[in-house]
Structures are given as structure tokens and as C-alpha cells.
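The values are calculated or read from the model by the stated rules, or taken from the named source; none is laboratory data. No experiment lies behind these values; they were computed from the predicted model shown. Virtual Cβ from ideal backbone geometry, glycine too; neighbours counted across all protein chains shown. Side chains included, ligands, DNA and RNA excluded: accessible areas come from the protein's heavy atoms. Shrake-Rupley method; radii C 1.70, N 1.55, O 1.52, S 1.80 Å.
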Amino acid sequence: MRRLGLYEVMLGIESIHPDVLSRYDKQQSREMAQRAIDILRANKIMVMANVMCGDWNDSEESLKEVFQFVKRQSDFLISP
């Protein structure tokens, strides 16, 4: 895809916390997100990450953890 001109992918990371992901019936994990990011980076494709905020169990600390993960791993962050 990179050879065809793909330069950026938007990933719906949503959260890295299993309880939040399962509550929204997301069939993904932190490890899956990391693997996708690693593959994109290996192919020099920029990563735009989407995350969800506002889960009933979100705390300042849990959101910081999500944002730190995304900050380290992505080129752009999209959040509501």
C-alpha cells in the first residue's frame, strides 16, 4: 500500500484498557493496537489515533495512561 501512495492511517485505538474495550464490544486489545502501529511504522506510514473519552470508569489516571500510550505511538491524536 505504501508503494501505491498510502502515507497515513487512522486507527480506532479507542482505549488500551480491556474493561473499557469489552464494555463497548470492541474486539481489540492494546497488543493488537501496538502490532498494527509497529507494522505501519515499519512501512513508514504515519499513524493517526482515535481514542474514546467519557467512559463511566474513566479516571484522570486511566486517561493519562491512554494518552501517554498514544503520544508515544502515534503522529496525531483525534479525540472528541
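The single condition among (1) at pLDDT below 90; (2) out of contact with any strand residue (DSSP E or B) (no Cβ under 8 Å at 6 or more places or on another chain); (3) under 30 Å from R3 (Cβ atoms) that R23 does not meet is (3). Applying the selection to the stretch 1-37, what residues are over 19 Å from Q68 (Cβ atoms), surrounded by 14 or more Cβ atoms within 10 Å (Cβ to Cβ) and polar (S, T, N, Q)? Correct list: empty. Inspection of the stretch 38-45 finds a residue satisfying the criterion of being surrounded by 15 or more Cβ atoms within 10 Å (Cβ to Cβ), within 20 Å of F76 (Cα to Cα) and not aromatic (F, W, Y).
The number of residues in the stretch 46-76 that are open to solvent by 80 Å² or more (accessible area, probe 1.4 Å) and farther than 15 Å from H17 by Cβ comes to 3.
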